[in-house]
1. Determine the shape class of the chain: with a ≥ b ≥ c the square roots of the Cα gyration tensor eigenvalues, call it rounded for a/c under 1.5, and otherwise prolate if a/b is greater than b/c, oblate otherwise.
2. As a check on your grasp of the helix formula, calculate [θ] at 222 nm for the chain: sum -39500 (n - 2.57) over DSSP H runs of n ≥ 4, divide by the residue count, round to the nearest 500.
3. At a temperature of 25 °C and a viscosity of 0.890 mPa s, determine how fast segment 1-82 diffuses translationally according to Stokes-Einstein, using the Kirkwood radius over alpha-carbon pairs as Rh; express D in µm²/s, rounded to the nearest whole number.
4. Would you please put 75-87, 221-233 in order of how densely packed they are, using the mean number of other Cβ atoms within 10 angstrom per residue and starting with the highest?
5. Write down the Kirkwood hydrodynamic radius of segment 226-320, to one decimal in angstroms, obtained as one divided by the mean of 1/r over all alpha carbon pairs.
6. Pick out which of Val115, Val70, Val156 has the largest mean-square fluctuation in a Gaussian network model of the chain, springs linking Cα atoms closer than 10 Å.
7. Computed FRET efficiency, Cβ-Cβ of Thr312 and Gln19, R0 51 Å: what is it to the nearest 0.05?
8. If you stretched the chain out fully between His107 and Ser257, how much longer would it get, using 0.36 nm times the residue separation minus the C-alpha to C-alpha distance?
Amino acid sequence: MDAATLDPVDELIVAESPQAEAVWVLGRPGLVPLAGEHATAWSDDCRDLAAISEGRRRNPLTAKDCTTPVVWMGLPTSLDALDELLGALWRLLGPDAHIVAGGRIKHMSRSMNDVAARWFDDVHASLGVRKARVLHFSSPRQRPAITGEWPRTNTVNGLTIRAHGGVFHTAGLDAGTSLLLDHLDAIAADVTTEVVDLGCGNGVISAHLAHRLPHATVHATDVSWQAVDSTRLTAEANRLRVITHWCDGLSDLPDGSVDVVVTNPPFHRGSAQDHAPTLAMLADAARVLRPGGTVWCVYNNHLPWASHLRRTVGPTRQMARNRQYTVTRTVRA
Ligand SMILES: C[S@@+](CC[C@H](N)C(=O)[O-])C[C@H]1O[C@@H](n2cnc3c(N)ncnc32)[C@H](O)[C@@H]1O
């Protein structure tokens, strides 16, 4: 790959980087081929990680050491994700740390500099080029301004929820998920042996299911490593059995194998409005359900999922609706 084929963020990261024999590439897998023979890399999304060979993978949230002080990274849109990641890098990199963090200007805010300044004394921005900008972080602080431990811990309906910074709602309860959980008894009544939390985030739905259904097998899937690890930590904190799968949709599960799929699906990937991943997830739900199994789904009222589920999966009933969210139950025809 040459610089001409790079997107503007990647191009600026490379142009602004200090000389280094090897680089640790975080969240921008397209940069791995440019990062040197000894480069290591990580991406939270398993679909992006597939492009990184196993020998090069190094997760900053679990790594015990690092081989280079130079990091090229994509700026996460979530400030909590940025805080947890920079805290991990602060612990790993040492005094020569130099992080070149890129993003599209429209997705960047001054608050990102403030978060970085908790961990690094030198935080400065490049000039914008083709709607992209990089931030440089170096000179690790002697005493960082730590605002709390990651993963965070919270209590929801008497259950302990644990979450990494990049997870939807961190350790909180989304209002849509809360409306869905109002129907926990009805959901539980549909389960004979197997239930799946599709897009599990912090594991709040899985934990409620495993607590309510101690004899059922509860699966939880997500494309995000941080989500799957949070769900594992949530289950562990409550001594519940949840089988986690770091995968796209339900690709780890066989056809016709589960009684119920429960989901609060995403309506965008990253920052791009895009329904395609949700449509693929709902198609996968239909695939793994046994005939007569059900999908319980919560979504923003403006989204067309009831008619889509009716058309592609089976008879669909609205079970609840408030000013913002709708909950549906669909029976697999
Ligand atoms: C709206 S959040 C819901 C999280 C959690 N279930 C809750 O209710 O708080 C949607 C989740 O779906 C995950 N997700 C997005 N695309 C996915 C895909 N293709 N396969 C599996 N999970 C996906 C996201 O990472 C995110 O954790």
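None of the figures in this text is laboratory data; all of them are computed from the coordinates on show. Keep in mind that what you see is a predicted model, and the values were worked out from it rather than measured. Here the Cβ is made from the backbone with ideal geometry for all residues, glycine too, and neighbour counts use every protein chain on show.
1. prolate
2. On the way: 10 runs with 93 residues, N = 333.
It comes out at -8000 deg cm²/dmol, rounded to the nearest 500.
3. On the way: Rh = 13.1 Å.
For the chosen part, D equals 187 µm²/s.
4. Details: 75-87: 22.0, 221-233: 25.2.
Taking the mean over residues of other Cβ atoms within 10 Å, the ranking is 221-233, 75-87.
5. This gives a value of 14.7 Å.
6. Greatest mean-square fluctuation among the candidates belongs to Val156.
7. Step by step, r from the Cβ atoms, then E = 0.45.
8. Roughly 49.9 nm would be gained on extension.
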